[in-house]
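Novice: Below is a structure I'd like to ask you about.
Each reported figure results from applying straightforward, stated rules to the coordinates on display, with no laboratory input. Quick caveat, the model's predicted, so the values are computed rather than measured. Every residue, glycine among them, receives a Cβ derived from its backbone with ideal geometry; neighbour counts consider all protein chains shown.
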Amino acid sequence: MGGPTVRFLGGVREIGGNKILIEDGPDRVLFDFGPSFSPRVEEYYVDYLQPRSGSRAKDLLEFDLLPRVPGLYSKEALADSDLYYTEPSVHAIFVSHAHADHAGYLDLVDPTIPVHVGEGTRTLLSAIETSTRMKYGTHPWKVFTDRAPIRVGQIEVVPYPVDHSIPFAYGFLVRTSGGTLAYSGDFRHHGPRAADTHAFFEAVGKEPVDALLIEGTRAGPDRRKNLSEAGVRRGVDHVLEEGRALAFACTYPRDIDRLLTLYAAARAADRDLVVSVRTAHLLTEVAPRFPSGTVPVPGQSPGIRVYARKKLTSFVWERPYLDGALPAAEVRSNGPKYLLALELSHFTELIDLRPPKGSPFIHSMSEPFSEDDVDDRVMRNWLKHFGLTFHQMHASGHASGPELVDLIRATGARAVYPIHTVNPEALEAAGPSVHPPELGRSYPLVGAG
Ligand SMILES: [Zn+2]
């Protein structure tokens with residue numbers, strides 16, 4: 001038998017969908033398990049055509065959109081699929097962060113396999129489960145501590161916090177019986193936790209590692225404008241200073257950093273930040289995971305309000321926020337007092353809000369061709385119809401191509417595998433150690449490259 005290996009079961013030439021299997025003798029550990037955003041899944045499944053809820057695994061296996069790993073899936077998930085159930089032989093799953101493309105298939109996993117996550121990620125996943133249709137299944141959840149090693153057989157995993165567009169994101173150092181590997185997860189170093197990313201890559205450089213698995217979302221040509229989180233704040237301040245009307249901002253629903261930026265900007269401009277009921281629930285749940293007073297809690301903190309959408313029914317989890325929520329009529333008549341965080345899926349509220357022509361709309365998300373793709377054309381039509389002024393202001397969750405090249409060089413890793421990218425070759429600029437991996441292939445940890 002050979003030494004430890006790493007196998008890429010997803011995230012190869014696609015953004016998201018990382019599924020990395022490390023095998024060391026009898027020990028098998030999987031890192032991340034979610035759907036990719038592009039482009040393989042979209043060849044078969046789009047908005048209106050999705051796997052059936054009762055046979056997701058079967059419907060995904062049909063097009064090889066799930067890896068055929070024995071001993072990973074639950075009996076229930078495999079049900080009438082052509083992959084037969086076998087006793088669990090994957091001994092642990094580590095989830096780098098709570099984005100859907102890293103955690104979204106956990107509900108298919110055998111319920112006896114332990115799932116390791118950061119404490120904050122556990123909180124985020126359960127808040128998402130409560131307030132959306134997303135389900136992560138039942139597992140023996142294991143909550144890890146920053147930089148505290150976890151042993152799975154002869155494999156040792158050390159989780160390092162990194163900066164990303166969702167808090168509580170991790171990279172991992174993985175020590176095996178023969179060689180060390182580093183897996184970056186998703187990261188950037190232009191956000192509020194940049195120092196965490198630097199500390200992780202310093203640790204990687206110190207080992208130094210035999211294999212570095214690095215995300216490359218923004219590798220290759222990218223014309224999209226990117227600001228730092230501080231740059232977004234300056235931009236929002238500027239828009240709010242100028243405008244004497246209701247202001248809108250649109251962000252990713254779990255980007256807590258961006259919500260904090262908008263909140264701080266709104267406070268500085270004497271406005272209240274108005275959020276959806278779902279965001280209110282998320283903020284309430286995650287606030288205790290941050291230093292006291294960092295994250296505003298609707299109903300408790302000043303300057304944050306909840307928007308009351310027109311709905312016929314409400315869920316139990318929504319009810320605590322509905323008393324005192326602002327209806328459209330209030331937001332409309334006192335527009336200059338508010339900065340309204342409005343998701344694209346809630347644009348119908350504009351029909352009641354009827355903002356004055358020229359009111360600012362801050363698009364604080366990736367421009368098209370992104371992880372969480374939006375239908376740009378529809379958005380533009382709505383903005384035009386209501387005469388809103390568009391402002392693009394975003395700090396990406398990912399490091400840029402040139403930053404990735406510099407980081408790779410600095411680590412001195414013996415072999416580098418770019419994943420979570422459609423353009424892995426772009427990182428070959430970092431040197432001959434860079435190898436775009438092949439889907440499904442096993443690479444020996446030592447002696448590869
Ligand atoms: Zn992510």
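Novice: Run the numbers on the chain and let me know its relative contact order in percent, using alpha-carbon pairs under 8 Å that are six or more apart.
Specialist: RCO, the chain: 19 percent.
Novice: Under a cut-off of 20 Å between alpha-carbon atoms, report the aspartates and glutamates in cross-link reach of residue 311, not counting same-chain residues fewer than 8 places apart.
Specialist: Counting by Cα, and skipping residues close in sequence, residue 311 has these aspartates and glutamates nearby: 323, 330, 343, 349, 352.
Novice: Loop only per DSSP, at most 15 neighbouring Cβ atoms within 10 Å: give me the trypsin sites (Lys or Arg not before Pro) in region 372-434, ordered by residue number.
Specialist: Nothing satisfies the criteria.
Novice: Which of the aspartates and glutamates could a cross-linker bridge to residue 337, judged by Cα under 15 Å and excluding same-chain residues fewer than eight apart?
Specialist: Qualifying aspartates and glutamates at Cα under 15 Å: 237, 241, 242, 270, 272.
Novice: What angle, in degrees between 0 and 90 and rounded to the nearest 10, separates the Cα long axis of helix 401-411 from the longest principal axis of the Cα atoms of the chain?
Specialist: 40
Novice: Could I get the Rg over Rh figure for the chain? Both from C-alpha atoms, Rh via Kirkwood, rounded to two places.
Specialist: Expressed as Rg/Rh, it is 0.98.
Novice: Let me ask something additional. Straight-line reach from residue 19: which aspartates and glutamates have a Cα under 12 Å away, not including same-chain ones fewer than 8 places off?
Specialist: Within the straight-line limit of under 12 Å, residue 19 reaches these aspartates and glutamates: 32, 101.
Novice: Per residue of the chain, what 222 nm ellipticity follows from adding -39500 (n - 2.57) for every DSSP H run with n ≥ 4, rounded to the nearest 500?
Specialist: -7000 deg cm²/dmol
Novice: For the chain, what is the percent of antiparallel DSSP beta bridges, rounded to the nearest 5?
Specialist: DSSP beta bridges in the chain are roughly 45 percent antiparallel.
Novice: Would you mind telling me which residue in 11, 137, 34 has the biggest mean-square fluctuation in a Gaussian network model of the chain, where springs connect alpha carbons within a distance under 10 angstrom?
Specialist: 137
Novice: On average, how much area does the Cα convex hull of region 229-392 cover when viewed from any direction, in nm²?
Specialist: 9.5
Novice: Pairing the Cα long axis of helix 194-206 with the longest principal axis of the chain, what angle in degrees results, from 0 to 90 and rounded to the nearest 10?
Specialist: Helix 194-206 and the main axis of the chain meet at about 10 degrees.
Novice: For region 99-246, evaluate the Debye formula with one uniform point scatterer on each Cα (no solvent term) and list log10 I(q)/I(0) at q = 0.14, 0.15 Å⁻¹, rounded to two decimals.
Specialist: -0.83, -0.93
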